[in-house]
Amino acid sequence: MAAMAALSSITFRASPPAEDAVIAQHFYAMWRDLGIPPDSIQPNWRDIALEFITTARQTLDYQAFVAEVEGAIVGSAGGQRYGGLYPLILSPQNRQYGYIWGVYVEPAYRKQGIATRLTQLVVEHLKNVGCTRAVLNAAPQARSLYAALGFCPGNLMELDLTVDSTGEKQ
C-alpha cells in the first residue's frame with residue numbers, strides 16, 4: 001500500500017457499527033500518539049470505547065466516518081449530539097451542540113487532507129441531525145487544522161485537583 005496517496009484515491013464514507021472496533025483502536029492510538037503511556041490507559045479501553053460508541057449511536061445520533069486506501073481504513077473521526085454536562089433546558093433549535101471526537105489518521109497518511117475531510121464529514125452529519133454548533137477538544141498539534149476549518153479557539157480553565165494549595169502533589 002502506498003504511504004502517499006492522492007486525495008482522489010482515498011475513499012471517504014460513513015462507518016457502520018461493524019467497524020466500531022476500528023474506531024476504538026484509532027481512539028486508543030490517538031491517545032498513545034499524544035504521549036499517554038499504556039499504563040495510564042485502562043486495560044479494558046476497547047470495551048469502554050465500544051460501549052460508549054454503541055450508546056452514542058443509540059441515543060445521540062453518533063456517526064463515524066472513515067478514510068480508506070486500497071481497502072484499508074487509514075483514518076477515522078466521529079461525532080454526535082452533545083449529551084451535556086447539565087440539564088439541556090433550551091430548545092434544540094436554539095442550542096444543540098454536536099461534539100467531534102476521535103479524529104485520527106495513521107502516521108503514514110497524515111498531511112494529505114484526510115483529517116480535514118473527515119472533520120468536514122462529521123460537521124455535515126452534525127448539521128443534518130440538527131446541531132447548531134460543533135465543538136471539539138483539539139490537541140495542540142491539530143489546532144491549526146481546526147482553525148483553518150473555521151473553529152474558534154476557546155478558553156478552557158482548569159484546576160488540578162491532585163495538587164494542594166502549596167503546589168504539592170497530593
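The values are calculated or read from the model by the stated rules, or taken from the named source; none is laboratory data. Remember, predicted model here, so these are calculated numbers, not experimental data. Please note that ligands, DNA and RNA were not included when accessible areas were found on the heavy atoms of the full protein model with its side chains. Shrake-Rupley method; radii C 1.70, N 1.55, O 1.52, S 1.80 Å.
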Sequence-separation-based contact order of region 1-127, relative, with Cα cut under 8 Å and 6+ spacing, percent | 31
Treating every alpha carbon of the chain as one equal point scatterer without solvent, the Debye formula yields log10 I(q)/I(0) values at q = 0.09, 0.13, 0.15 Å⁻¹ of -0.35, -0.71, -0.93
Work out, step by step, the length gained on full extension between F12 and R133: first 0.36 nm times the residue separation, then minus their alpha carbon distance; give nm to one decimal.
-> 41.3 nm
Region 46-61 versus region 20-39: alpha-carbon centroid distance in Å = 16
Fraction of the pair-distance distribution of region 98-170 above 22 Å, Cα-Cα pairs, percent = 39
With the full set of protein chains in place, find how many percent of the accessible area of region 9-154 is carbon and sulfur; take the probe as 1.4 Å.
-> 55
Per-residue ellipticity at 222 nm for the chain, helices alone: DSSP H runs ≥ 4 residues times -39500 (n - 2.57), over residue total, nearest 500 deg cm²/dmol?
-> -9000 deg cm²/dmol
Going residue by residue through region 68-77, the Karplus relation 6.51 cos²θ - 1.76 cosθ + 1.60 with θ = phi - 60° gives ³J(HN,Hα) values, rounded to whole Hz and with x marking Gly or Pro, of 10, 10, 6, x, 9, 6, 10, x, 7, 7
Using just the alpha carbons, could you tell me how many Å³ per residue the convex hull of region 12-71 encloses?
-> 99
If the chain between S144 and L85 were fully stretched, how many nm would it gain, using 0.36 nm times the residue separation less the Cα-Cα distance?
-> 18.5 nm
Only bridges with both residues in the chain count here: give the DSSP antiparallel percent, nearest 5.
-> 85
Rounded accessible area per residue of the chain, 1.4 Å, Å² | 63
